[in-house]
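Following: one structure in structure tokens, then a few remarks.
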Amino acid sequence: MIKHITLPLTRELSKTLHAGDTVYLTGDIYTSRDAGHKRMCETLAKGEKLPFDPMDATIYYVGPTPAKPGQVIGSAGPTTSGRMDAYAPTMMSVGARGMIGKGARQPEVIEAIKKYDGVYFGAIGGAGALLAKCIKKLEPIAYEDLGAEALCRLYVEEMPLVVIIDCEGNNLYEEGKNSYLKSKE
Amino acid sequence: MREISVKTLIDVVEKLCIDANQYLPEDVKKAIKTCRACEDWDIACGVLDKIIENFEIAEREDVPICQDTGMACVFLEIGQDVHFIDGDLTEAINEGVRRGYEKGFLRKSVVKDPVRRGNTGDNTPALIYTEIVPGDKVKITVGPKGFGSENMSAIRMFKPSAGIQGIKDFILETVSAAGPNPCPPVVVGVGIGGSFDKAALLAKKALMRELDSSHPDPYYADLEKEMLEKINLLGIGPQGFGGKTTAIGVNIETMPTHIAGMPCAININCHVTRHKTEIV
């Protein structure tokens, strides 16, 4: 199924998405990867507020290249999501619902996706030049000292993604491979 | 002795860093397009189309193909009749990387300490491998290496009794365990022989070899073909969404080893398998 989704990613909206769906996402998303996630979770552990409102938010695991003059952002493909597994359940517990990245997730993350009606989207790994074209606005929010890992708000238009794990825990990495192999039997 | 100023190398390395990150080598582009033509799984075709569109945008607009512009691996084949003048060779290579990554708007991804972290801010130090060869020329290859795929690599010290079957199983097991993480379709570099360290270097060097070339020994050339076919029967597919195209190439490099051992290293690269060479 091809779906066009406008953010924020409410619980109701998230429930309509299924593993294997092609999704074109429009709206505000937030960038963060290893060091940014570590800081956000430390902030939450201290009982302090995050630099943005995480409710119904979608986080893009990305560390872009520096923008050339005239560009909104440099090349901006997804980074390996598994490195954020230690932090993802905490982020979801405060309302963050969508995650954009690539690669497998740990069982704890899949449990959290089911518990909080989250969704894990895959962007094409390596396709940084193509994905940058969908990013129309960039606004730094915090952690600018982290360089490529700074926390930013991005406005994206029709960002091409695939639902990898849906809120029922269906996983395209297993189902896609299995149905392909079955078709060859 | 032919005298070469290390200053010449700064400019060459700078250019190679930028070009390697913006222009995918012809052999890699050809391999991806050939796989697209053979792919028959819908979602896989869609992904491969976007991968092709991506490297075409990068080439047309002079932007990096991927945001992970890698750790700069620099291979130098130095003719034994060359005398470097005007400074420090290692520093010259690092200066080339520093300038290339700044001028090319490439992401600086190197941290100064493996545990305590902290970005060096200029993507140095480069990983430099030198080899002394006959002649009076210097062959420089820059292969930026992303770590999404690097993290999925593996090495194993086999007993000789494991034989070729042990190696075949290890390759399939490693690619299978990597699954979607290294951004398939991947290129698989395999190093067999030498020692613990040499096998890993052979595997990395294998990634620098053209995909339309093969091992000079027909035994290993056949093994490359066989492993490519077997990997593509795993069903992982582009990005791990399922399909025929899990790898676009398997390159094997070998060398003699000890009677007691059979080291084997597997270095995985993503479909953005970058490398660019120049001879000075």
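The values are calculated or read from the model by the stated rules, or taken from the named source; none is laboratory data. All values reported here derive from a predicted model rather than from experimental measurement. Here the Cβ positions follow ideal geometry from the backbone for every residue, glycine too, while neighbour counts run over all protein chains shown.
Observations on the model:
- Residue satisfying all of: in region A:105-130; surrounded by fewer than 21 Cβ atoms within 10 Å (Cβ to Cβ) and either at the interface with chain B (Cβ under 9 Å from one of its Cβ atoms) or not aliphatic (A, V, I, L, M) (or both); nearest to A:Gly27 (Cα to Cα) among these: A:Asp117
- Just one of (1) in a strand (DSSP E or B); (2) under 21 Å from the mean Cα position of the chain (by Cα) fails for B:Met157. It is (2).
- Test: residue in region B:233-247 that is within 17 Å of the chain's Cα centre (by Cα), under 30 Å from A:Ile165 (Cβ atoms) and not β-branched (Val, Ile, Thr): yes
- Hits in region B:251-264 (condition: in contact with a Lys or Arg (Cβ under 8 Å, 6 or more places away or on another chain) and under 13 Å from B:Val188 (Cα atoms)): B:Asn251, B:Glu253, B:Cys264
- Test: B:Gly96 is under 18 Å from A:Thr65 (Cα atoms), in contact (Cβ under 8 Å) with a residue 60 or more places away in the chain, out of contact with any Pro (no Cβ under 9 Å at 6 or more places or on another chain) and surrounded by 23 or more Cβ atoms within 10 Å (Cβ to Cβ): no
- Residue ID - modelled with the lowest pLDDT, chosen from residues in region A:135-156 that are touching a Phe, Trp or Tyr at 6+ places or on another chain (Cβ under 9 Å) and within 14 Å of chain B (Cβ to nearest Cβ): A:Glu149
- Residue within region A:120-133 that is charged (D, E, K, R), out of contact with any Lys or Arg (no Cβ under 6 Å at 6 or more places or on another chain) and touching a residue at least 40 places away in the same chain (Cβ under 8 Å) present: no
- Of the residues B:Leu211, B:Leu202, the single one that is touching an Asp or Glu at 6+ places or on another chain (Cβ under 6 Å) and over 28 Å from B:Arg36 (Cα atoms) is B:Leu202.
- Test: residue in region B:147-166 that is surrounded by 22 or more Cβ atoms within 10 Å (Cβ to Cβ), within 19 Å of B:Gln22 (Cα to Cα) and at pLDDT below 95: yes
- Selection within region B:18-49 - of a type in the set (S, T, N, Q) and buried (at least 21 other Cβ atoms within 10 Å of the Cβ): B:Asn21, B:Gln22
- Within region A:69-101, the residues that satisfy the criterion of being more than 14 Å from chain B (Cβ to nearest Cβ), assigned to a loop (DSSP other than H, G, I, E, B) and closer than 15 Å to A:Arg33 by Cβ are A:Ala86, A:Tyr87, A:Ala96.
- Any hit, region B:111-125, residues being within 26 Å of B:His271 (Cα to Cα), surrounded by 20 or more Cβ atoms within 10 Å (Cβ to Cβ) and either at pLDDT below 95 or not hydroxyl-bearing (Ser, Thr, Tyr) (or both): yes
- Note on region A:2-51: residues that are part of a loop (DSSP other than H, G, I, E, B), surrounded by 14 or more Cβ atoms within 10 Å (Cβ to Cβ) and either of a type in the set (A, V, I, L, M) or out of contact with any strand residue (DSSP E or B) (no Cβ under 8 Å at 6 or more places or on another chain) (or both) total 6.
- Scanning region B:196-219 finds no residues that are of a type outside the set (Phe, Trp, Tyr), over 22 Å from B:Leu16 (Cβ atoms) and within 13 Å of another protein chain (Cβ to nearest Cβ).
- The condition of being under 30 Å from B:Glu91 (Cα atoms), among the hydrophobic types (A, V, I, L, M, F, W, C) and either at the interface with chain A (Cβ under 10 Å from one of its Cβ atoms) or in contact (Cβ under 8 Å) with a residue 40 or more places away in the chain (or both) holds for B:Val12.
- When B:Pro238, B:Pro144, B:Pro185 are screened for being buried (at least 17 other Cβ atoms within 10 Å of the Cβ), within 14 Å of chain A (Cβ to nearest Cβ) and within 27 Å of B:Pro114 (Cβ to Cβ), only B:Pro144 passes.
- Residue match in region A:70-81 (condition: modelled with pLDDT under 95, surrounded by fewer than 16 Cβ atoms within 10 Å (Cβ to Cβ) and either within 12 Å of the chain's Cα centre (by Cα) or not aliphatic (A, V, I, L, M) (or both)): yes
- Residue match in region A:158-165 (condition: assigned to a loop (DSSP other than H, G, I, E, B), surrounded by 22 or more Cβ atoms within 10 Å (Cβ to Cβ) and at pLDDT 95 or above): no
- Listed by first and then second residue, the pairs linking a residue in region B:247-268 that is over 14 Å from B:Ile231 (Cβ atoms) to a residue that is charged (D, E, K, R), with Cβ atoms under 6 Å apart and 6 or more places separating them unless they lie on different chains, are B:Glu253/B:Lys205; B:Cys264/B:Arg156; B:Asn267/B:Lys204.
- Condition broken by B:Ile57, with the remaining ones in (1) of a type in the set (Val, Ile, Thr); (2) within 19 Å of the chain's Cα centre (by Cα); (3) facing chain A (nearest Cβ under 10 Å) satisfied: (2)
- Residue among B:Lys50, B:Lys108, B:Lys29 that alone is part of a loop (DSSP other than H, G, I, E, B), in contact with a helix residue (DSSP H, G or I) (Cβ under 7 Å, 6 or more places away or on another chain) and either at the interface with chain A (Cβ under 9 Å from one of its Cβ atoms) or at negative phi (or both): B:Lys108
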